[in-house]
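**Q** Structure provided below as structure tokens; questions to follow.
The values are calculated or read from the model by the stated rules, or taken from the named source; none is laboratory data. It should be emphasised that the depicted structure is a prediction, and the values quoted were computed from it without experimental measurement. Heads up, the Cβs are rebuilt from the backbone with ideal geometry, glycines too, and the neighbour counts pull from every protein chain shown. Ligands, DNA and RNA are excluded from the accessible area calculation, which covers all protein heavy atoms including side chains. Shrake-Rupley method; radii C 1.70, N 1.55, O 1.52, S 1.80 Å.
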Amino acid sequence: MLVRCGLSSYAAGCRLHVGCISRKRALPSFLARHTIAWRSFASQGDVVEVKVPEMGDSITEGTILTLMRKPGDYVESEQAVAEVETDKVTVEARSPHAGTIKELFVSEGETVLVGGKFFSIAVGVGEPSVGPPVSTSPAPPPATAAPPATTPSAPSAAPSAASPTAPTAAPAVAPAASASPAEAYAAPRERRVKLTRMRKTIAANLKAAQNELAQLTTFNEIDMTAVNAMRKKYKDDFAKKHEVKFGFQSVFVMAAARALTEQPIVNACISGDDVLYRDYVNIGFAAATPTGLVVPVLRDVQAMSILDIERETGRLAGKAKSGKISLDDLQGSTFSITNGGIFGSLFSTPILTPPQSAILGMHGVFDRPKAVGGQVVIRPMMYVALTYDHRIIDGREAVIVLKRIKEFVEDPVRLLLDV
């Protein structure tokens, strides 16, 4: 018996596990996962045809990056069968049942539509196999074995002292002819690599933002002396008590949240003919994944402490590094922070992407001369930049927000006293 599990069967008892909540509506908490799988009810021995699952309301297709199983393999329930690259993140598609895969309807590199045929599985049939998952990518051809070395035969008699045997001269090796400059430059020196789905989406979104938004950037500089001293004094105690490292970025995140609550227009956005004010602050930050940079979102930062920010940043960064980041983790930001300083950047103008109306750019900390009390002193300084959408934010509000971030970071006690 063939049991089909798809959209039409959801109302009849098929549950969908997805790794996102859409921008339009939130899914119940029990559906929020970083992996995707169909769940259906089937008896042992049934052959279930699994569909390509939904990956969010805004996503209709994906690309099969890796097939982790092949026909004949046994899989446990919720075990990964394939990695699927979407426009925003790479997710794992998992089996809804334990059993033996009968047939794969997709191949690596293929673009698949949500709801299309994925694979079929014989429910409850087979036993777990020993060994790691096997990729269905074609294996490289086996290397040709080298011929066995010839063992010289022993001489029939030792040579006499009166007639020594002269050593045999080694054959001369002709030097390899070097290619002429013209021949070297004639050889191919370019190669083409197909853009990933994520990179194509990033390119399209950035160009669309450049065309749509009236982007303007304001700058300032921050004396990092006080926050350096605070971190140096308390970082060991902080790590010992909370088992979390104390970094600079958490101070900037907290300072930005305070500044945005004071100037709510910078945390707002244009929605049709309206201005959409948000009474919460969700801040995105850049994190590395195996397939590129993503921007996980810290939610309700206005209610977070430094410890909360450090813990949540570490959790999201860890998911991104291990490739387990979900679409839900990347959605809903009202403001972003990008830190080019970790790569040694001195100065830059960050680019803005909707629905955010502002983004903060942090940079490297470098010793520079500064006038303090009529004296020139050397201080650790950081340039900061705030790019904003001038359609909704006036220069006054943008400058005030950046200046408030500067005041909070230069005197962190302000964050404690809320002054």
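**Q** Mind telling me which of the residues Leu352, Leu346, Leu415 ends up being over 29 Å from Ala204 (Cβ atoms), part of a loop (DSSP other than H, G, I, E, B), in contact (Cβ under 8 Å) with a residue 12 or more places away in the chain and not polar (S, T, N, Q)? Talk me through it step by step, then tell me what you get.
**A** Working: Leu352 fails: over 29 Å from Ala204 (Cβ atoms); Leu415 fails: part of a loop (DSSP other than H, G, I, E, B).
Result: Leu346 is the single residue among Leu352, Leu346, Leu415 that is over 29 Å from Ala204 (Cβ atoms), part of a loop (DSSP other than H, G, I, E, B), in contact (Cβ under 8 Å) with a residue 12 or more places away in the chain and not polar (S, T, N, Q).
**Q** Another question, then. In region 351-383, which residue that is more than 26 Å from Ala229 (Cα to Cα) and modelled with pLDDT of 95 or more is surrounded by the fewest Cβ atoms within 10 Å (Cβ to Cβ)?
**A** Ile359
**Q** Please enumerate the residues belonging to region 327-344 that are more than 11 Å from Val365 (Cα to Cα) and small (Gly, Ala, Ser).
**A** Hits for region 327-344 are Gly332, Ser333, Ser336.
**Q** Assuming Tyr277 fulfils every condition listed in (1) open to solvent by 50 Å² or more (accessible area, probe 1.4 Å); (2) modelled with pLDDT under 95 apart from one, which condition is it?
**A** (2)
**Q** On to the next question. Look at Ser156 and say whether it is modelled with pLDDT of 50 or more and either loosely packed, with under 10 Cβ neighbours inside 10 Å or small (Gly, Ala, Ser) (or both). Outline the logic, then answer.
**A** Numbers: modelled with pLDDT of 50 or more: no; either loosely packed, with under 10 Cβ neighbours inside 10 Å or small (Gly, Ala, Ser) (or both): yes.
Answer is no for this residue.
**Q** Scanning for something modelled with pLDDT of 85 or more, surrounded by 21 or more Cβ atoms within 10 Å (Cβ to Cβ), under 12 Å from Phe119 (Cα atoms) and out of contact with any Pro (no Cβ under 9 Å at 6 or more places or on another chain), does region 43-53 turn up at least one residue?
**A** Checking region 43-53: at least one residue is modelled with pLDDT of 85 or more, surrounded by 21 or more Cβ atoms within 10 Å (Cβ to Cβ), under 12 Å from Phe119 (Cα atoms) and out of contact with any Pro (no Cβ under 9 Å at 6 or more places or on another chain).
**Q** In this structure, does Tyr234 turn out to be without any contact (Cβ under 8 Å) to a residue 24 or more places away in the chain, within 22 Å of Arg396 (Cβ to Cβ), open to solvent by 70 Å² or more (accessible area, probe 1.4 Å) and not charged (D, E, K, R)?
**A** Values: without any contact (Cβ under 8 Å) to a residue 24 or more places away in the chain: yes; within 22 Å of Arg396 (Cβ to Cβ): no; open to solvent by 70 Å² or more (accessible area, probe 1.4 Å): yes; not charged (D, E, K, R): yes.
Against the criterion (without any contact (Cβ under 8 Å) to a residue 24 or more places away in the chain, within 22 Å of Arg396 (Cβ to Cβ), open to solvent by 70 Å² or more (accessible area, probe 1.4 Å) and not charged (D, E, K, R)), Tyr234 does not qualify.
**Q** Quick check on region 85-97: of everything there that is open to solvent by 30 Å² or more (accessible area, probe 1.4 Å) and not in a strand (DSSP E or B), which residue is modelled with the lowest pLDDT?
**A** Lys88
**Q** Starting from region 267-279, take each residue that is closer than 12 Å to Asp389 by Cβ and list its partners that are open to solvent by 70 Å² or more (accessible area, probe 1.4 Å) and outside any strand (DSSP E or B), counting only C-beta distances under 7 angstrom and pairs at least six apart or across chains.
**A** Every condition considered, the pairs that remain are Ala268/Tyr277; Ile270/Arg391.
**Q** All but one of (1) open to solvent by less than 10 Å² (accessible area, probe 1.4 Å); (2) on the phi > 0 side of the Ramachandran plot hold for Glu78; state the number of the condition that does not hold.
**A** (1)
**Q** Another one. Considering (1) polar (S, T, N, Q); (2) modelled with pLDDT of 95 or more; (3) open to solvent by 50 Å² or more (accessible area, probe 1.4 Å), say which one Asn267 fails and leave the rest.
**A** Here Asn267 clears every test but (3).
**Q** I need the full set of residues from region 300-323 which are part of a loop (DSSP other than H, G, I, E, B) and either of a type in the set (Ser, Thr, Tyr) or touching a helix residue (DSSP H, G or I) at 6+ places or on another chain (Cβ under 8 Å) (or both), in order please.
**A** Once the filter is applied, which keeps residues that are part of a loop (DSSP other than H, G, I, E, B) and either of a type in the set (Ser, Thr, Tyr) or touching a helix residue (DSSP H, G or I) at 6+ places or on another chain (Cβ under 8 Å) (or both), region 300-323 yields Met304, Ser305, Ser322.
**Q** Okay, moving on. Filter region 98-110 down to the residues that are within 16 Å of Val52 (Cβ to Cβ) and open to solvent by less than 40 Å² (accessible area, probe 1.4 Å), then identify the one that is nearest to the chain's Cα centre (by Cα).
**A** From region 98-110, those within 16 Å of Val52 (Cβ to Cβ) are 101, 103-110; that's our starting set.
Those still in the list that are open to solvent by less than 40 Å² (accessible area, probe 1.4 Å) too: 101, 104, 106.
Numbers: Ile101: 30, Leu104: 28, Val106: 25 Å.
Checking each candidate, the answer is Val106.
**Q** Just to be sure before I move on: is Phe347 of a type in the set (Phe, Trp, Tyr) and surrounded by fewer than 17 Cβ atoms within 10 Å (Cβ to Cβ) in the structure I sent? Steps first, please.
**A** On the way: of a type in the set (Phe, Trp, Tyr): yes; surrounded by fewer than 17 Cβ atoms within 10 Å (Cβ to Cβ): yes.
Answer is yes for this residue.
**Q** Which one of these is small (Gly, Ala, Ser) and in contact with a strand residue (DSSP E or B) (Cβ under 9 Å, 6 or more places away or on another chain): Gly364, Gly374? Working first, answer last.
**A** Working: Gly374 fails: in contact with a strand residue (DSSP E or B) (Cβ under 9 Å, 6 or more places away or on another chain).
Result: Gly364 is the single residue among Gly364, Gly374 that is small (Gly, Ala, Ser) and in contact with a strand residue (DSSP E or B) (Cβ under 9 Å, 6 or more places away or on another chain).
**Q** Taking Ala203, is it modelled with pLDDT of 95 or more, of a type in the set (A, V, I, L, M) and closer than 25 Å to Ser348 by Cβ? Let's see the steps before the verdict.
**A** Working: modelled with pLDDT of 95 or more: no; of a type in the set (A, V, I, L, M): yes; closer than 25 Å to Ser348 by Cβ: yes.
So Ala203 does not fit the description; no.
**Q** Run down Gly323, Gly344, Gly361 and say which single residue is on the phi > 0 side of the Ramachandran plot and in contact with a Pro (Cβ under 6 Å, 6 or more places away or on another chain).
**A** Working: Gly344 fails: in contact with a Pro (Cβ under 6 Å, 6 or more places away or on another chain); Gly361 fails: on the phi > 0 side of the Ramachandran plot.
Checking each option against the conditions leaves just Gly323.
**Q** Filter region 318-331 down to the residues that are free of Cβ contacts under 8 Å to residues at least 60 places away in the same chain and buried (at least 17 other Cβ atoms within 10 Å of the Cβ) and list them by number.
**A** Of all residues in region 318-331, those free of Cβ contacts under 8 Å to residues at least 60 places away in the same chain come to 318, 320-322.
Correct list: Ala320 only.
**Q** Taking Glu407 as the residue in question, decide whether it is closer than 17 Å to Phe252 by Cα, of a type outside the set (S, T, N, Q) and either at pLDDT 95 or above or loosely packed, with under 15 Cβ neighbours inside 10 Å (or both).
**A** For Glu407, the condition - closer than 17 Å to Phe252 by Cα, of a type outside the set (S, T, N, Q) and either at pLDDT 95 or above or loosely packed, with under 15 Cβ neighbours inside 10 Å (or both) - is met.
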